[in-house]
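Some notes on the structure that comes next.
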Amino acid sequence: MSRLILAARRLLDAVLPPRCVVCGEPGDAPDALCAACFTRLPWNHTPCGVCALPLCDDSGPCRCTRRRHAVIDRVLAPLRYEFPVTSLVPRLKFHGDLAAGRALTQLLDLALRDEPRPDALVPVPLHSRRLASRGYDQALELARPLARALDIPLRTDLLRRTRDTRPQTELRARSRRRNLQDAFRAVGVVPGHVALLDDVMTTGNTLNECAVALREAGADRVEAWVVARASA
Ligand SMILES: [Zn+2]
Ligand SMILES: [Zn+2]
């Protein structure tokens, strides 16, 4: 996605009348969902209280609590990774659709505004090479307005991606962890309570590796905030 196309998109977004980012019907607010699409959102009503995996009922945490050495204290994922989130996230991630990103940030803001504020919001970093080819960083596009809305310090300086890893989706489960080992490094003085921010959590390997780096650098509480949780 070239910078020129992104700039053109921004311009079009600014001059066109507001439309629902899911169905395209005229809406009341820019970069938002219409009332009908909003009510059909796949809210994660009964998440595991630890890893946010969507469960059938709220009978307690899932098997994740049996794993030792958990590095993420709690995952917050307001939505399940189902339609229309499965459309909005790739639109932001691969097609530079910043209106989809703004809609997702609004949903995060709405769902997380009563949560205790962390000392820092840290978007999962993209490697500089991928940032250069894509032109923008989807986690940062979500984190920047969210940090502003919730009045949390945005800290893009605390975590660096030191290796340009292969996309996790291209790898089998066993290779995924190895692919990410030592891929992230914490920089500087890390505050006590940190919330990592990413678009979707599937296996959680990427977020775990980020949490390991932050803990080694001094964080004593690490949460993961994501738009949506996938089941597998
Ligand atoms: Zn709609
Ligand atoms: Zn769980």
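Residue check: Asp109 meets all listed conditions (1) away from ligand 2 (no atom under 16 Å from the Cβ); (2) within 15 Å of the chain's Cα centre (by Cα); (3) buried (at least 20 other Cβ atoms within 10 Å of the Cβ) but one, namely (3). Going through (1) over 25 Å from Val124 (Cα atoms); (2) within 16 Å of ligand 1 (Cβ to nearest atom); (3) open to solvent by less than 90 Å² (accessible area, probe 1.4 Å) one by one, Arg19 falls short only on (3). If only residues of region 17-64 that are near ligand 2 (Cβ under 9 Å from one of its atoms) and of a type outside the set (A, V, I, L, M) are counted, the one that is nearest to the chain's Cα centre (by Cα) is Cys51.
Among residues of region 179-200 that are part of a helix (DSSP H, G or I), those with a Cβ under 7 angstrom from a residue that is charged (D, E, K, R), sequence gap 6+ or separate chain, pair up as Asn179/Arg166; Leu180/Glu209.
Scanning region 44-66 turns up no residue that is farther than 19 Å from Ala149 by Cβ, at pLDDT 95 or above and within 15 Å of ligand 1 (Cβ to nearest atom). With respect to Leu76, is the statement that it is open to solvent by less than 80 Å² (accessible area, probe 1.4 Å) and either among the β-branched types (Val, Ile, Thr) or farther than 25 Å from Gly192 by Cβ (or both) true? Taking the combined requirement at face value, the residue does not satisfy it. Inspect all residues belonging to region 81-95 and state whether any of them is open to solvent by 60 Å² or more (accessible area, probe 1.4 Å) and over 16 Å from the mean Cα position of the chain (by Cα). Scanning region 81-95, I find at least one residue that is open to solvent by 60 Å² or more (accessible area, probe 1.4 Å) and over 16 Å from the mean Cα position of the chain (by Cα), so the answer is yes.
Each residue in region 203-230 was checked for being within 14 Å of Val50 (Cα to Cα), out of contact with any Asp or Glu (no Cβ under 7 Å at 6 or more places or on another chain) and open to solvent by 20 Å² or more (accessible area, probe 1.4 Å), and 2 of them qualify. Among helices (runs of 4 or more DSSP H) entirely within region 1-95, having at least 3 residues that are under 28 Å from Tyr136 (Cα atoms) singles out 3-15, 85-95.
Return a yes/no flag: does region 75-96 have any residue that is farther than 30 Å from Glu216 by Cα, small (Gly, Ala, Ser), touching a helix residue (DSSP H, G or I) at 6+ places or on another chain (Cβ under 9 Å) and within 16 Å of ligand 1 (Cβ to nearest atom). Looking for residues that are farther than 30 Å from Glu216 by Cα, small (Gly, Ala, Ser), touching a helix residue (DSSP H, G or I) at 6+ places or on another chain (Cβ under 9 Å) and within 16 Å of ligand 1 (Cβ to nearest atom), one finds at least one in region 75-96, hence yes.
Out of Leu6, Leu33, Leu41, report the one residue that is open to solvent by less than 100 Å² (accessible area, probe 1.4 Å), in contact with a Phe, Trp or Tyr (Cβ under 8 Å, 6 or more places away or on another chain) and not hydroxyl-bearing (Ser, Thr, Tyr).
On the way: Leu33 fails: in contact with a Phe, Trp or Tyr (Cβ under 8 Å, 6 or more places away or on another chain); Leu41 fails: in contact with a Phe, Trp or Tyr (Cβ under 8 Å, 6 or more places away or on another chain).
Result: Leu6 is the single residue among Leu6, Leu33, Leu41 that is open to solvent by less than 100 Å² (accessible area, probe 1.4 Å), in contact with a Phe, Trp or Tyr (Cβ under 8 Å, 6 or more places away or on another chain) and not hydroxyl-bearing (Ser, Thr, Tyr).
The values are calculated or read from the model by the stated rules, or taken from the named source; none is laboratory data. As the structure is a prediction and not an experimental result, all values here were calculated from the model. When we count neighbours, we look across all protein chains shown, and the Cβ atoms used for this are built from the backbone with ideal geometry, even at glycine. SASA here: full protein model, heavy atoms, side chains in, ligands and nucleic acids out. Shrake-Rupley method; radii C 1.70, N 1.55, O 1.52, S 1.80 Å.
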